[in-house]
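Take a look at the structure set out below.
The values are calculated or read from the model by the stated rules, or taken from the named source; none is laboratory data. For clarity, every value in this text was computed on a predicted model and none was experimentally measured. Note that we place each Cβ from the backbone using ideal geometry, even for glycine, and neighbour counts take in every protein chain shown. Surface areas here come from the heavy atoms of the whole protein model, side chains and all, with no ligands, DNA or RNA. Shrake-Rupley method; radii C 1.70, N 1.55, O 1.52, S 1.80 Å.
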Amino acid sequence: MSTAEHQHGPLHDLHVELGATFAPFGGWEMPVSYAGVVAEHTSVRETVGVFDVSHLGKASVVGPGAAEFVNACLTNDLGRIGPGLAQYTLCATESGGVIDDLIAYFVSDDEVFLVPNAANTAAVVAELAAQAPDGVTVTDLHRGYGVLAVQGPRSADVLGALGLPTDMDYMAFADADFEAAPVRVCRTGYTGERGYELLPRWDDTAAVFRALVAAAEQAGGQVAGLGARDTLRTEAGYPLHGHELSTEISPLEARCGWAIGWKKPRFWGRDALLAQKAAGPARTMWGLRALDRGVLRQGLSVLRDGVVVGETTSGTFSPTLKVGIALALLDSSAAPAAGEELTVDVRGRALRCEVVAPPFVPVRTR
């Protein structure tokens with residue numbers, strides 16, 4: 001797909017004004033950085049950053065028993081939560097792979113709002129629509145709402161300056177108004193810091209974003225791009241679909257077994273995942289922290305004594321730790337252990353790395 005064919009979110013012209021550099025994400029052209037990835041990353045860790053993630057999908061499942069239907073499809077157990085709460089969950093294949101990971105907003109027994117990844121929205125909607133019972137409607141709302149993330153220790157100060165709610169528990173959400181326009185606010189995020197994600201209507205997104213950025217700058221923070229979002233989530237050890245999760249990588253391999261309602265009688269992929277749980281996954285996600293100078297990337301071989309025992313799935317330079325870090329799928333048969341030294345083949349060079357149980361930095365979302 002050429003750049004001209006990439007879709008644009010509701011804030012594209014504003015990002016151009018702010019001097020953003022762009023790259024494709026899931027078929028959308030989105031801002032990578034403004035002042036530089038390291039500066040934006042550090043701002044989120046120390047004060048606050050504001051992200052436009054409107055490329056993320058949005059979908060609604062509405063009708064009698066909508067929540068019960070969604071619960072019979074996706075992995076996590078909506079019975080653990082109730083209206084006003086959100087939940088990380090997975091849309092699995094019958095073979096135990098992952099079509100997508102997403103956030104489910106439990107609005108009521110008859111309404112669930114979903115936020116999947118950009119590239120996978122159509123697939124998730126299609127799977128749900130194909131199995132929806134009579135009276136339950138699944139609607140793709142990709143261009144119905146924007147998504148803005150406010151992340152960092154001072155994120156509550158930024159929302160408070162706009163008169164938006166901030167005192168909800170982690171993974172709780174509230175419907176509010178900003179300048180007479182509705183906006184849903186959820187206490188969640190993808191950086192490892194305290195944060196919020198906001199869902200304004202598509203056409204209202206620019207006004208909300210401008211106000212958030214102004215308030216963030218007053219709090220000592222700044223606007224941030226998806227480059228910093230990636231370094232932040234890697235430090236936090238969070239999986240990214242297409243890297244640590246895919247139709248070929250199961251939730252158990254990605255350390256996401258906690259997002260499975262094992263006692264539920266039904267969900268897609270249940271039999272395959274129960275069998276994998278009983279046998280143990282053939283590989284498991286670990287962190288790698290470079291002991292030598294060098295930057296780790298996706299798709300590199302991980303070796304022990306010259307024998308390949310895994311492959312990196314994500315890699316970056318950690319602005320917080322000032323070293324190269326990676327997430328990797330390591331063979332369970334090799335029995336990797338935290339603190340062990342392995343090597344990564346970086347274009348023919350053996351880079352020494354320490355095995356780390358993710359996250360690499362303390363996670364402070366709660």
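Of the residues F69, A35, H6, the one whose Cα sits farthest toward the positive end of the charge dipole of the range 1-110, with +1 on the Cβ of Lys and Arg and -1 on the Cβ of Asp and Glu, is A35.
Net charge near G261: determine it from the other residues with C-beta under 12 Å of the C-beta of G261, scoring Lys and Arg +1 and Asp and Glu -1.
Net charge in that neighbourhood comes out at +4.
The residues neighbouring Y190, those whose beta-carbon lies less than 12 Å from its own, together hold a net charge of -3 under the Lys/Arg +1, Asp/Glu -1 convention. Overall, the range 144-298 carries a charge dipole of about 740 debye about its Cα centre when +1 sits on the Cβ of Lys and Arg and -1 on the Cβ of Asp and Glu, all other atoms neutral. Per-residue Karplus couplings for the range 172-181, computed as 6.51 cos²θ - 1.76 cosθ + 1.60 with θ equal to phi - 60°, are listed in order as 9, 9, 9, 8, 9, 9, 10, 6, 6, 10 Hz, Gly and Pro entered as x.
Distances between placed amide hydrogens fall under 5 Å for Q298 paired with G315, all partners being 5 or more residues away or on another chain.
All C-alpha to C-alpha distances of the range 13-169, sorted into 10 Å bins beginning at zero, yield P(r) values of 10, 32, 32, 20, 5, 0 percent in whole numbers. Calculated mean residue ellipticity, 222 nm, the chain: -6000 deg cm²/dmol, from DSSP H runs (n ≥ 4) at -39500 (n - 2.57) each, averaged per residue and rounded to 500. Excluding same-chain neighbours fewer than eight residues apart, the lysines reachable from K277 by a Cα-Cα span under 28 Å are K263, K264.
Net charge dipole, the chain: roughly 1000 debye, given to the nearest 20, about the Cα centre with Cβ charges of +1 for Lys and Arg and -1 for Asp and Glu. Here the spin labels are modelled as points 7 Å beyond Cα on the Cα-Cβ line, and at A207 and D134 they lie 4.3 nm apart.
A P(r) calculated from all alpha carbon pairs of the range 95-207, with 5 Å bins opening at zero, reads 2, 10, 19, 22, 19, 14, 8, 4, 1, 0 percent.
Out of the chymotrypsin sites (Phe, Trp or Tyr not before Pro) in the range 151-224, which ones are loop residues according to DSSP with at most 14 other C-beta atoms within 10 Å? Display every interim value, and only then the final one.
Numbers: sites: Y170, F173, F178, Y190, Y196, W202, F209; in loops: Y170, Y190.
Sparse-neighbourhood loop chymotrypsin sites (Phe, Trp or Tyr not before Pro): Y170.
What fraction of the DSSP beta bridges in the chain is antiparallel, stated in percent and rounded to the nearest 5? Bridges in the chain that DSSP calls antiparallel: roughly 95 percent.
Of the residues A149, P200, G310, the one whose Cα sits farthest towards the positive end of the charge dipole of the chain is G310 (charges of +1 on Lys and Arg Cβ, -1 on Asp and Glu Cβ, taken about the Cα centre).
Tell me, what % of the accessible area of the range 50-187 is carbon and sulfur with a 1.4 angstrom probe? The computed percentage sits at 49.
Less than 12 Å Cβ to Cβ from P83, Lys/Arg counted +1 and Asp/Glu -1: what total charge do the surrounding residues give?
Working: positive: none; negative: D109, D110, E111, D175.
Here the charged neighbours net out to -4.
The magnitude of the dipole of the range 76-228, with charges of +1 and -1 set on the Cβ of Lys/Arg and Asp/Glu and taken from the Cα centre, is near 480 debye.
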